[in-house]
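First the structure, in the form of structure tokens, and then the observations on it.
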Amino acid sequence: TATLVHTLADHSDDVNCCAFSSSCLATCSLDKTIRVYSLDNFTELPYSPLKGHTYAIHCCCFSPSGLVLASCSTDGTTMVWDTGNGQLVAVLAQPSRSPVRVCCFSPNSSHLLSGAADGSLVLWDTQSLQLYKSGSAKDGSLVACAFSPDGNFFVTGSSCGDLTVWNDKMRCLCSEKAHDLGVTCCDVSSQTVSDGEHGSRYLQTASCGQDNQIKLWLIRCTGVSDVELKYKCTLKGHSAPVLACAFSFDGQMIVSGSVDKSVILHETTTGNTLQTLSQHTRYVTTCAFAPCSLLLATGSMDKTVNIWQFDPKEPCEANDFGNEPKVAVVDWSEDDVSAWLCAQNLSDFIGLFKRNNIDGKELLNLTKESLANELKIESLGLRSKLLQKIEELRVKMTTVPPAVPDEFLCPITRELMKDPVIAADGYSYEKDAIESWISSKRRSSPMTNLPLPSAVLTPNRTLRMAISRWLERQQG
């Protein structure tokens with residue numbers, strides 16, 4: 001259950017967008033300003049409001065680390081701001097000078113995407129602050145965009161109704177007519193789901209539009225550059241165009257806001273309506289979940305932003321990791337790691353860790369090199385703080401028996417392999433399990449879903465010997 005805990009009423013015109021980092025909330029408006037608030041008490045930061053745009057601001061977004069904020073405007077620019085002091089870092093002019101409607105950062109913060117009213121879209125390099133790649137939608141204005149958790153592709157929505165998937169080289173991978181009267185918003189969940197038929201894993205995507213509907217889609221990469229976009233279902237409940245939609249960080253909920261002035265919380269798995277919020281007095285234009293999902297912000301043409309807090313007994317509650325972990329750290333799930341990050345005041349990293357599938361074992365294996373080079377955490381201070389917390393975990397688990405190395409587990413059964421074999425996809429499996437897989441399913445890889453060019457299985461004697469040595473060390 002969501003309860004209204006605060007209302008912000010500082011903007012003098014329509015609120016167009018709101019965005020969370022782990023410690024701040026940013027809002028932008030037709031009044032040409034961006035306002036930034038602390039989540040501790042919802043007070044405005046000393047440098048707020050940010051001023052620089054000469055026309056209405058349509059969208060704002062934080063980088064995954066929360067150290068940088070981007071905003072885009074009718075003035076044809078995307079501006080980059082330092083969230084530490086509010087200083088303007090860069091003004092990125094859309095090459096066409098068309099009004100910029102939407103912007104978002106890639107999961108590793110290496111690129112910033114901007115989409116404009118003329119259909120042009122640009123990937124900016126955030127290090128050099130120069131144009132990296134550009135492209136264009138075939139029809140309509142670009143009004144929505146969202147990256148996949150791994151950053152390998154992004155989704156855009158246009159005013160002509162198309163939902164389009166692009167790779168990070170700005171190549172169009174696939175496109176579907178999603179909403180007859182135009183897309184207004186889209187989002188990609190950080191969590192994968194099964195199609196329930198073949199055990200394939202899909203990314204869940206939401207879109208909403210002028211047709212009063214929210215639609216769920218499943219995206220699956222079927223090759224290096226091939227993507228399948230599959231319609232799943234339609235969520236109903238609004239009686240007017242739906243202007244905003246967003247997934248909760250754990251993918252369990254979708255929130256939507258509409259011209260009918262209402263906000264609806266939907267359960268992702270069933271599509272059921274969990275709650276309807278009706279406090280806004282004009283169109284609801286934006287909705288955003290905080291990284292830990294305990295807070296929700298909704299903005300409206302009534303010039304206000306409402307802050308909602310969820311009952312801590314809901315599934316989005318962060319587990320209590322203040323004491324000793326209830327299970328060994330190496331056995332933590334990705335959600336356990338997210339909860340631990342929240343408890344350590346490190347929730348800025350939740351999205352990044354989930355996109356990189358950091359579970360307990362991966363967490364304990366992180367080093368200063370992997371944090372800098374693989375996860376692209378640029379701040380030395382943040383890396384040091386994170387490493388210190390991880391080292392504290394390592395100290396706590398010194399007496400915990402080591403987990404079975406993941407490479408010793410069969411990807412199908414998740415059990416220690418006794419007779420490992422190498423399949424044509426290059427992965428090792430328990431012989432009985434992969435033989436059963438090949439005989440009972442279409443001949444595809446359990447790991448990649450790509451066709452297996454051959455059914456030949458080769459004994460992996462090296463892996464079998466390694467497993468035997470590991471077992472001897474545990475017994476000795």
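The values are calculated or read from the model by the stated rules, or taken from the named source; none is laboratory data. For clarity, every value in this text was computed on a predicted model and none was experimentally measured. Positions of Cβ are generated from backbone atoms using ideal geometry, with glycine treated the same way; all protein chains shown enter the neighbour counts. These accessible areas exclude ligands, DNA and RNA; they are computed on the full protein's heavy atoms, side chains included. Shrake-Rupley method; radii C 1.70, N 1.55, O 1.52, S 1.80 Å.
Quick one: angle between helix 380-396 and the longest Cα principal axis of the chain, in degrees between 0 and 90, rounded to 10, please. Helix 380-396 sits at roughly 40 degrees to that axis. The listed residues TRP217, TRP437, once ranked by accessible area (1.4 Å probe) with the largest placed first, stand as TRP437, TRP217.
What do you get for the angle between helix 431-440 and the principal long axis of the chain? Use alpha-carbon atoms, 0 to 90 degrees, nearest ten. Once rounded, the angle reads 60 degrees. Seen from a random direction on average, the alpha-carbon convex hull of segment 101-246 projects onto 8.4 square nanometres.
Model label points for ARG97 and SER38, set 7 angstrom from Cα along the Cα-to-Cβ axis, are 4.2 nm apart. For LYS51 and GLU391, the difference between the fully extended length at 0.36 nm per residue and the C-alpha to C-alpha distance is 118.2 nm. Expressed per residue, the C-alpha convex hull volume of segment 329-398 stands at 75 Å³. Which links in LYS169/LYS361; LYS133/LYS232; LYS133/LYS354; LYS354/LYS385; LYS169/LYS354 stretch past 21 Å when you go from one Cα to the other? In this structure, LYS169/LYS361; LYS133/LYS232; LYS133/LYS354; LYS169/LYS354 exceed 21 Å between Cα atoms.
Ignoring aspartates and glutamates fewer than eight residues from LYS177 along the same chain, the ones with Cα atoms less than 12 angstrom from its Cα are ASP139, ASP162.
Helix 461-475 and the longest principal axis of the C-alpha atoms of the chain enclose an angle of approximately 90°. Protein-only accessible surface at a 1.4 angstrom probe places the residues MET465, MET417 in the order MET465, MET417, largest first. A full extension of the chain between LEU88 and ASP125 corresponds to an added length of 11.7 nm, given 0.36 nm per residue minus the alpha carbon distance.
Label sites at ALA328 and THR3, each approximated as a point 7 angstrom past Cα along Cα to Cβ, lie 4.0 nm apart.
Taking label points 7 Å from Cα along the Cα-to-Cβ direction, THR234 and GLN474 give a separation of 5.2 nm. A simple packing score, the average count of other Cβ atoms within 10 Å per residue, orders the peptides 57-66, 404-413, 420-429 as 57-66, 420-429, 404-413, with the highest score first. Packing here is the average count of other Cβ atoms within 10 Å per residue, and on that basis the peptides 267-274, 110-117, 31-38, highest first, run 110-117, 31-38, 267-274. Between THR126 and HIS111, LEU112, the built amide H atoms are under 5 Å apart, and every one of these is 5 or more places off in sequence or on another chain.
Whole-Hz Karplus values for segment 247-255 come out as 7, 6, 4, 8, x, 7, 10, 10, 10 Hz, taken residue by residue from phi with 6.51 cos²θ - 1.76 cosθ + 1.60 and θ = phi - 60°; glycine and proline positions read x. Cross-link partners for LYS51 among the lysines, with Cα-Cα distance under 26 Å and sequence neighbours closer than 8 places in the same chain left out: LYS32, LYS303. Residues MET447, MET301, ordered by accessible area of protein heavy atoms at a 1.4 angstrom probe radius and largest first, appear as MET447, MET301. Take 95-102, 70-77 and order them by the average number of nearby Cβ atoms within 10 Å per residue, most first; the result is 70-77, 95-102.
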